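Q: Below you will find the structure I want to go over with you.
The values are calculated or read from the model by the stated rules, or taken from the named source; none is laboratory data. Here the structure is a predicted model, which is why all the values come from computation and not from measurement. Positions of Cβ are generated from backbone atoms using ideal geometry, with glycine treated the same way; all protein chains shown enter the neighbour counts. We work out accessible area using only protein heavy atoms, side chains counted, and drop any ligands, DNA or RNA first. Shrake-Rupley method; radii C 1.70, N 1.55, O 1.52, S 1.80 Å.
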Amino acid sequence: MRKISWQHLNPQVKTLLHGVSRAAEGAGISVYIVGGTVRDILLQKRNVDLDCVVEGNAIELAQRVADLVRGELKIHERFQTATVTSPDRISVDFAMAREEFYPHPGALPVVRPGTLEADLKRRDFTINAMAAVLHGPDAGVLRDLYDGVHDLLRRHLRILHDNSFIDDPTRILRGVRFEQRLNFKFEPRTDRLLKSALRRNVLARIKPARYFTDFRKVLKEEEALGCVRRLRRLGGLDCFFKGRAINDRVLGQIEERRRRLPSFYPAQEADWPMIRFMALLAGLDKVQIEYILKGVPVCRREKESLLGAIQATSQAKLLSVKRMASSDIYAILKPLALENILFIRLRTSVKIVHERVDLFLEKLAHIRLDITGEDVQKALGKRPSRIVGRILAEVMEQKLNGRCPDRARQLEFMRERTCRI
Ligand code: CTP
């Protein structure tokens, strides 16, 4: 009987899992950590997403855990699942053990309550089909019905049954993600079935929305470039990009230059999957991008950014002219989303453009006026307030160019300006 070792988990995670064990014992409910959680614990990753499967009422157990650890409880009625977030801000998801069947290939599965064994059977790869007991005297015991540990040791990705990629084609994208992330290999039968599924064009059977949910995860990977290149070679991108050539060369450039960004860059705040998507679409025009985005769940802001990225090269050209005031740089970059600014910076190798984008992100973007619209309105008296914005913009231009650094000088400039109206 193999037991899982919790040693390398951070203490907050251990405390929370201990709380789950105690709550389950109190209620006489069987609960297991499952899937990617077990995989990552066995791979000795420190930060893991915590997924629990409950043989019984998942919501009831989640409520008990939340009470016990004084955590926050969120119930997702529609899926009959719940999330508990501990006071240390660690979250654990609870779902009822279920079995699943596919009414037809590529459809979303129909689910009903089941045992742990049935729950593991419906999963994608053996390394993701393990569980560890959390309740009772067996706590820590690994349930590895498909030899997942063996595959972890051999660094193999193995599906559980021959129809896996046909039933759920998104597993092709998942498989490539794990292959690149973990540096694993598809074992021969899985490799053969994956290629055969692609030849049968199974990815065309799923809606763009479903493909993109998984493709976004591909783009989130540290190894996104490797994943995209692998998917392209396999022919796993064509149906989504509708045969358009995707630009993994630009993606390669961006990944390379991203490593050399100055440390003051707010890179953590940026949506990298979107920037990578912009890179893949580089070279396509508005009509082509809109065609690809049909039915794809991107919000309005994301769509604007993706279409806005078409301008990146011309914006870089504008930023490379010989003489430019700070206010000119500001006027070009201020209206743009952070992702578009980063895309311009990473798309070009022109030094002056790099310097100007750096100046914007380090300094100009943080500059605020020391006067307000009220100050301007007061000075204007009864004159129309629609010019307030314009005057403020002019004062800002002065400040950006270093001419009106403080409130006194801004007020002076503003009064002079309002007199002339
Ligand atoms: N799963 C599956 N088939 C899918 C999606 C998920 O079998 N198409 C199962 C796998 O057992 C997986 C678990 O559900 O481990 C949790 O899914 P998810 O959180 O999406 O994946 P992780 O394996 O945790 O991967 P990641 O580390 O990327 O979050």
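Q: I want the antiparallel fraction of DSSP beta bridges within the chain, as a percent rounded to 5.
A: Of the beta bridges lying entirely in the chain, close to 80 percent run antiparallel.
Q: Note down the nm distance, to one decimal, between modelled labels 7 Å out along Cα→Cβ at R78 and at K286.
A: 3.3
Q: Helix-only mean residue ellipticity at 222 nm, the chain, DSSP H runs n ≥ 4 weighted -39,500 (n - 2.57), per residue, nearest 500. What is it?
A: For the chain, the value works out to -15000 deg cm²/dmol.
Q: For the pair A267/L68, report the inter-label distance in nm, with labels modelled 7 Å from Cα in the Cβ direction.
A: 4.2
Q: Between T115 and R300, what's the calculated FRET efficiency when r is the beta-carbon distance and R0 is 41 Å? Round to 0.05.
A: E between T115 and R300, to the nearest 0.05, is 0.40.
Q: Over all directions, what mean area does the Cα convex hull of the stretch 88-134 project, stated in square nanometres?
A: That works out to 4.7 nm².
Q: In 10 Å bins starting at 0, how do the alpha-carbon pair distances of the stretch 11-154 split up by percent?
A: Going out from 0 Å in 10 Å bins, the stretch 11-154 shows 12, 42, 35, 10, 0 percent.
Q: Here's a follow-up. With no solvent and one equal point scatterer placed on each C-alpha of the stretch 373-419, evaluate the Debye formula and give log10 I(q)/I(0) for q = 0.26 Å⁻¹, two decimals.
A: Treating every Cα as an identical point scatterer, log10 I(q)/I(0) equals -0.91.
Q: Quick one: helix 338-347 against the long Cα principal axis of the chain, what's the angle to the nearest 10°, folded into 0 to 90?
A: On a 0 to 90 degree scale, this one is about 90.
Q: Could you give each residue of the stretch 232-245 its phi-based ³J(HN,Hα) in whole Hz, using Karplus coefficients 6.51, -1.76, 1.60 with θ = phi - 60°, and x for Gly or Pro?
A: 5, 4, 6, x, x, 10, 4, 5, 6, 8, 6, x, 6, 6
Q: In degrees, nearest 10, range 0 to 90: what is the angle between the Cα axis of helix 58-69 and the longest Cα principal axis of the chain?
A: That helix lies at roughly 70 degrees to the long axis.
Q: Would you grab the residues whose amide H sits under 5 Å from the one on H156? Only those 5+ places off in sequence or on another chain, please, with H modelled 1.01 Å from N.
A: Answer set, sorted by chain and number: K185.
Q: What is the sum of charges, Lys and Arg at +1 and Asp and Glu at -1, for the other residues whose Cβ falls under 13 Å from the Cβ of D358?
A: It works out to a net charge of +4.
Q: Leaving ligands, DNA and RNA out of it, report the carbon-plus-sulfur percent of the accessible area of the chain at a 1.4 Å probe.
A: Answer for the chain: carbon and sulfur cover 49 percent of the accessible area.
Q: Using a Gaussian network model of the chain whose springs link C-alpha atoms within less than 10 Å, name the residue from R122, R347, R192 with the highest mean-square fluctuation.
A: Comparing R122, R347, R192 in a Gaussian network model of the chain, the most mobile one is R192.
Q: Which ³J(HN,Hα) values, rounded to whole Hz and listed in residue order, are derived for the stretch 304-311 from phi using the Karplus coefficients 6.51, -1.76 and 1.60 in 6.51 cos²θ - 1.76 cosθ + 1.60 with θ = phi - 60°, glycine and proline given as x?
A: Rounded to whole hertz, the list is 4, 5, 5, 6, x, 5, 4, 7.
Q: Same structure, new question: Between R345, R301, R258, which gets the highest mean-square fluctuation from a Gaussian network model of the chain, Cα cutoff 10 Å?
A: Answer for the Gaussian network model of the chain: R301.
Q: Cut-off 10 angstrom, C-alpha nodes, Gaussian network model of the chain. Which of A331, A95, A204 fluctuates the most?
A: Answer for the Gaussian network model of the chain: A331.
Q: What ranking do 6-17, 167-178 get when scored by the average of other Cβ atoms within 10 Å per residue, highest first?
A: Per-residue Cβ counts within 10 Å, averaged per peptide and sorted highest first, yield 167-178, 6-17.
Q: So for the pair E362, T213, with labels modelled 7 Å out along Cα→Cβ, what separation do we get in nm?
A: Output for this residue pair reads 4.4 nm.
Q: Can you check what the net charge comes to around C419, using other residues whose Cβ is under 13 Å from the Cβ of C419 (Lys, Arg +1; Asp, Glu -1)?
A: +2
Q: Calculate log10 I(q)/I(0) of the chain for q = 0.06, 0.09, 0.13, 0.14 Å⁻¹, where I(q) comes from the Debye formula with a single equal point scatterer on each Cα and nothing for solvent.
A: Result of the Debye calculation: -0.37, -0.74, -1.14, -1.23.
Q: Can you tell me the 0 to 90 degree angle between the C-alpha axis of helix 11-27 and the longest principal axis of the chain, rounded to 10?
A: For helix 11-27, the angle is close to 50 degrees.
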